[in-house]
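Take a look at the structure set out below.
Computed from the coordinates by the stated procedures, all read-outs in this text should not be read as laboratory data. Given the structure is predicted, the values throughout are model-derived calculations rather than measurements. Note that we place each Cβ from the backbone using ideal geometry, even for glycine, and neighbour counts take in every protein chain shown.
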Amino acid sequence: MRLLLFPGIDTTRSAIGIALWHRATHAADCRRLAAAPGLIQTAVEEFLRAYVPVVTARDVAKETTIDSCHLKQGGIVTLPLGAANRDPEVLRRPDDVLSHCADSRRAAFGLGVRRRIGSRKARPETATALREWLRAIPEFSLAPNAAATWSAGIARGPRTLPLTVAFPRTAAPEAESFEHPVTAEI
């Protein structure tokens with residue numbers, strides 16, 4: 001249960017933050033998803049591929065050298081899963097984030113028996129959070145002269161995300177909207 005609950009919470013928080021950060025910094029994608037909510041699950045899969053929300057680490061079982069890198073027994077090695085998701089021999093446009101056409105080949109949460117159990121929780125929760133956010137706040141962007149702060153642990157995602165959001169004044173179609181700066185801790 002601990003492996004399902006706690007990593008699933010942090011992984012999901014990171015994945016949601018990444019999805020909102022991408023939308024805030026890519027206006028065309030934001031408008032596309034707000035207009036076509038059916039693309040949200042595809043977009044979430046593409047965000048997971050492009051921005052892997054978790055870093056995997058392993059203990060070094062015995063002293064070894066890989067290329068010119070010496071690894072001591074008892075040390076820790078981090079495995080950049082995101083590198084596997086950007087292999088030009090596997091993907092046609094590995095460095096482009098194409099939220100409308102995700103490739104099914106990805107290693108965002110590890111693979112095989114080492115796949116993170118929280119991934120089954122993170123995917124649908126991230127899609128639901130993004131869908132509901134876009135329903136309530138379809139127009140938003142990164143606040144001017146601001147930057148997100150990112151986590152430094154094994155969960156990789158924004159922890160604060162300063163946004164400027166547009167809220168409608170009234171439900172009347174002729175009413176103008178206004179922008180309001182909001183900083184959210186994710």
Stretched out fully, how many nm does the piece from residue 57 to residue 146 gain, at 0.36 nm a residue minus the Cα gap?
28.9 nm
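What FRET efficiency, computed as 1/(1 + (r/R0)^6) with R0 = 30 Å and r the Cβ-Cβ distance, is obtained for residue 31 and residue 79, rounded to the nearest 0.05?
Working: r = 36 Å, r/R0 = 1.19.
The calculated FRET efficiency here is 0.25.
Could you work out the local net charge near residue 77, counting Lys and Arg as +1, Asp and Glu as -1, over the other residues with Cβ closer than 10 Å to its Cβ? Before the final figure, lay out the partial values.
Numbers: positive: 58; negative: 59.
Neighbour charge sum, excluding residue 77 itself: 0.
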Residue order, fewest to most surrounding Cβ atoms within 10 angstrom, among 68, 151
68, 151
Label model pair residue 9, residue 120: point-to-point distance (7 angstrom along the Cα→beta-carbon line) in nm is 2.0
Expressed in nm to one decimal, what extension gain is obtained for the pair residue 66 and residue 95 from 0.36 nm per residue of sequence separation less their Cα-Cα distance?
7.8 nm
